[in-house]
Amino acid sequence: MNKNTGIIATVAAALLCGCPGLLLCIFGGVAAAGLLPYTTTLNGVSDQGVVPSTYGYVMLCLSLIFIAIPIAVGFFTLRKKPQPLVDNEPIPPVS
């Protein structure tokens, strides 16, 4: 794989996975702390509450996966691959 292709793949993964992962991490941290209230209204009946902290823990775990994806893409596409050993010595003639 070309180095330019690896850079493009890493940037795309960072934009598509890393940025949403960071935002999900913030949102999950607030929800896990119990600081995320909600208000709903259905057929004229209103309800208020706080998002359960288990939702926040799940969001934090998902955010770690989303953040790890660009790191893995960058590692696997930009690492220096080992070169095969090349032996340039001539083969001895068969006796």
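No value in this document is a laboratory result; all are computed from the given coordinates. These numbers were taken from a predicted model, which means no experiment stands behind them. Please note: Cβ atoms are built from the backbone with ideal geometry, for glycine as well, and neighbour counts cover all protein chains shown.
Could you grab me the full set of residues in the range 47-83 that are of a type in the set (D, E, K, R) and farther than 17 Å from Asn2 by Cα? If you could, list the steps in order and put the result at the bottom.
From the range 47-83, those of a type in the set (D, E, K, R) are 47, 79-81; that's our starting set.
Selection gives Asp47 alone.
Among the residues of the range 17-67, how many are part of a helix (DSSP H, G or I), of a type outside the set (A, V, I, L, M, F, W, C) and out of contact with any Leu (no Cβ under 6 Å at 6 or more places or on another chain)?
9
Check the range 58-80 and report whether any residue there is exposed (fewer than 13 other Cβ atoms within 10 Å of the Cβ), over 24 Å from the mean Cα position of the chain (by Cα) and more than 23 Å from Cys19 (Cα to Cα).
No, the conditions are met nowhere in the range 58-80.
So Ala14 fits all but one of (1) under 14 Å from the mean Cα position of the chain (by Cα); (2) not in a helix (DSSP H, G or I); what number is the exception?
All conditions pass for Ala14, except number (2).
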